[in-house]
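**Student:** Take a look at the following structure, please.
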Amino acid sequence: MADDNDEYVYDETTGEWRPAAELAAERAAASVARDTAGNVLADGDSVILIKDLKVKGANQTLKQGTVIKSIRLTDNVEEIDCRYEGIKGLVLRTEFVRKRG
């Protein structure tokens, strides 16, 4: 609940003035990388592909069920960085992976 001493910030998304602490908490929660099932992803996790993906520039298709080990999170919560059998700099969208284990 907002206190009279709270600092208020204009939220352009809703068009309302909202408590700064409340808005900061929402943004922090939204900045967590999640897989297609909503599980939180972390550096070093292993993931499984949920569909076949063509790899641009490598003339290779990664098949559904392929396990990708030791992922790294990026600045974009919708993308993860990883390696797979000689494909360096592979970036996958989190909507196409499920956390393993």
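**Student:** Below 8 Å, C-alpha to C-alpha, sequence gap of six or more: please give me the relative contact order for the chain in percent.
**Tutor:** 24 percent
**Student:** For segment 42-101, what's the relative contact order in percent, using C-alpha pairs closer than 8 Å and at least 6 residues apart?
**Tutor:** Answer for segment 42-101 is 36 percent.
**Student:** Let me ask another. Place a +1 charge on the Cβ of each Lys and Arg in the chain and a -1 charge on the Cβ of each Asp and Glu, then give the dipole magnitude about the Cα centre in debye, rounded to the nearest 20.
**Tutor:** Its charge dipole is roughly 1320 debye.
**Student:** Taking the Cα atoms only, what angle lies between the long axis of helix 20-30 and the longest principal axis of the chain, rounded to 10 degrees?
**Tutor:** 10 degrees
**Student:** Additional query: How many nm separate the modelled label positions at Ala25 and Tyr8, each set 7 Å beyond the Cα in the direction of the Cβ?
**Tutor:** 1.8 nm
Where a number appears in this text, it was derived from the coordinates with a stated rule and is not lab data. Please read these numbers as outputs of a predicted model, since none were measured by experiment. When we count neighbours, we look across all protein chains shown, and the Cβ atoms used for this are built from the backbone with ideal geometry, even at glycine.
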